[in-house]
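The values are calculated or read from the model by the stated rules, or taken from the named source; none is laboratory data. Just so you know, these numbers come straight off a predicted model, no measurement behind them. Positions of Cβ are generated from backbone atoms using ideal geometry, with glycine treated the same way; all protein chains shown enter the neighbour counts.
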Amino acid sequence: MIIQDYTNIIDNFLRELGGDVNLRLNCQLPLQLEALDLASAGRDVFDREQWMTPFTLKCWQAMRLAAHQDEIELQLVSAFRSVEYQCGLIRKKVAAGQQLDDIFKISAIPGFSEHHTGRALDLSTPGPEPLSEAFDQTAAFDWLNTHAHRFEFSMSYPRNNTTGINYEPWHWACRAQ
Ligand SMILES: [Zn+2]
C-alpha cells in the first residue's frame, strides 16, 4: 500500500470519530506499515490465534525454547494487530464515552502502533497480570534483559524513553529482517 492511501485511511477514521487530521500530523511516533507476510504463531495466553512475520516467528520460537531451557516460561499475549483492529478498539472506547485525546494517551492512533508491523510482541509469564508493570519484577523480565538481544528482540519502550509512550516492560520487538 502506498503511504498516501495509508494516511487517507487514518484520516478518514479520525474524522469519523470527530477528530481531525492534526491528530495524525502531530503524532510524534513513526508511521508503522502493516505487515504483508504473516505466519501463525498458534494460540496466545488467552487462546486467541496470533500472527507475526515469519522471521519474528522463527526468532520468537527460538527465544521461547531457550527461556524454557532456563526454566523461564514466556507467554505470548499479543502480536500482529491490523490498522482495522486498532480502529475497532478505539471505536469501542469512544462508544463507552471516552474522549479521543484521553484514548490516544494509552492507545496508538491507527497506523502508529508497532504491532502493525508483525514484529512487536507483548509478553507475559505466569504470575503478574498480563500487560502490567509488575512484569518487570519477574525472572522472565530479567531473562529477557540478558538474553533477548541474542534472538534479535529489544524492548521498544523502556522507562523514560523519548517516544512519548509510557514504560512498557512487556513490549518487545524483533528487528526488521
Ligand atoms: Zn505492545
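Kindly evaluate residue 10 against the criterion of being crowded, with 16+ Cβ neighbours inside 10 Å, outside any strand (DSSP E or B) and touching a Gly at 6+ places or on another chain (Cβ under 6 Å). Against the criterion (crowded, with 16+ Cβ neighbours inside 10 Å, outside any strand (DSSP E or B) and touching a Gly at 6+ places or on another chain (Cβ under 6 Å)), residue 10 qualifies.
Rundown of residues vs (1) within 16 Å of the ligand (Cβ to nearest atom); (2) touching a residue at least 24 places away in the same chain (Cβ under 8 Å); (3) not hydroxyl-bearing (Ser, Thr, Tyr), yes/no style:
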| residue | (1), (2), (3) |
| --- | --- |
| 73 | no, yes, yes |
| 77 | yes, yes, yes |
| 85 | yes, no, no |
| 95 | no, no, yes |
| 104 | yes, yes, yes |
| 107 | yes, no, no |
| 115 | yes, yes, yes |
| 120 | yes, yes, yes |
| 123 | yes, yes, yes |
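Do the conditions hold for residue 90, that is, is it away from the ligand (no atom under 15 Å from the Cβ), closer than 17 Å to residue 24 by Cβ and either surrounded by 12 or more Cβ atoms within 10 Å (Cβ to Cβ) or modelled with pLDDT of 95 or more (or both)? Quick ask: steps written out before the conclusion?
Working: away from the ligand (no atom under 15 Å from the Cβ): yes; closer than 17 Å to residue 24 by Cβ: yes; either surrounded by 12 or more Cβ atoms within 10 Å (Cβ to Cβ) or modelled with pLDDT of 95 or more (or both): yes.
Considered against the rule, which asks whether it is away from the ligand (no atom under 15 Å from the Cβ), closer than 17 Å to residue 24 by Cβ and either surrounded by 12 or more Cβ atoms within 10 Å (Cβ to Cβ) or modelled with pLDDT of 95 or more (or both), residue 90 comes out as yes.
Of the residues making up the range 137-156, those that are within 16 Å of the chain's Cα centre (by Cα) and surrounded by fewer than 19 Cβ atoms within 10 Å (Cβ to Cβ) are 154, 156.
When residue 169 is tested against (1) assigned to a loop (DSSP other than H, G, I, E, B); (2) more than 14 Å from the ligand (Cβ to nearest atom); (3) over 22 Å from residue 33 (Cα atoms), just one condition goes unmet, and that condition is (2). Here is a check on your reading of the model: is residue 176 among the small types (Gly, Ala, Ser), more than 21 Å from residue 128 (Cα to Cα), away from the ligand (no atom under 14 Å from the Cβ) and touching a helix residue (DSSP H, G or I) at 6+ places or on another chain (Cβ under 9 Å)? So residue 176 passes the test.
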